[in-house]
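Worksheet: one structure, shown below.
The values are calculated or read from the model by the stated rules, or taken from the named source; none is laboratory data. Here the structure is a predicted model, which is why all the values come from computation and not from measurement. Here the Cβ positions follow ideal geometry from the backbone for every residue, glycine too, while neighbour counts run over all protein chains shown. Just the protein is used for accessible areas: all its heavy atoms, side chains included, with ligands, DNA and RNA removed. Shrake-Rupley method; radii C 1.70, N 1.55, O 1.52, S 1.80 Å.
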Amino acid sequence: MTTDPHCDADLAEVGAEFTYFRRHCSSLDWRLLHLVFGSLALFLVLVAVGFAVAGAWLIIPFAGIEIAGLGIAAWWTLRRSGDFERLAFDGDRIVVEIREQGLLRQFEFNRCWARLVTGDAGTVALRSHGREIAIGRFCGEESRQALARELRNRLDGHRLYRINQVTSAGEA
């Protein structure tokens, strides 16, 4: 059993190409979060009004603070709901797209020059020409190591294929 808090992983293979897609798991979508937030806010307002009618009117500002705190928590949750990471092998190119907190970044590496780097803390990164991009940020440790094995096989297999092509062309 895995305790991986992230979900929606996809490893797809079309022909000789490969795509990895993973997004941060979000248990609430916009509609459900609005429903939950609205219900809780309405309940807090009703309780506050009930106490205010009974003479404890000072509870109303505190109910407002509670609703504001709940709104901040909802915003914090939704801020990460669209985060994802996509890695695609396309011929001699490796394209990495990372969306975090609404900011989309895209990186492109030459497949022949890219190297897979693993760190002591279980981190995995692609490195080429002085640029290093961490990948597997939404994976648990086991999934990240499986991804690293798959990427290493893809990179090494492509290098051997290219070497054989050059050797065959030189003999002809």
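Points worth noting:
- Taken per residue, the accessible surface of the stretch 30-81 reaches 74 Å², heavy atoms only and a 1.4 Å probe.
- Residue 149 paired with residue 70, simple spin-label distance in nm, labels 7 Å along Cα-to-beta-carbon: 4.7
- The label point for residue 131 and the one for residue 117, both projected 7 Å from the Cα toward the Cβ, are 1.4 nm apart.
- Stokes-Einstein diffusion coefficient of the stretch 86-162, Kirkwood radius over Cα pairs, 20 °C, 1.002 mPa s, in µm²/s: 166
- Karplus (6.51, -1.76, 1.60) ³J(HN,Hα), θ = phi - 60°, over the stretch 121-133, in Hz, Gly and Pro reported as x: 7, x, 6, 10, 8, 9, 10, 6, 6, x, 9, 9, 10
- Cα shape, the stretch 30-81, gyration tensor, a/c 1.5 rule: oblate
- Per-residue packing, averaged as other Cβ atoms within 10 Å, sorts the ranges 96-106, 52-62 into the order 96-106, 52-62, beginning with the highest.
- In the assembled protein chains, residue 129 presents an accessible area of approximately 150 Å² (probe radius 1.4 Å).
- Accessible surface of the stretch 30-81, 1.4 Å probe, proportion on carbon and sulfur as whole %: 81
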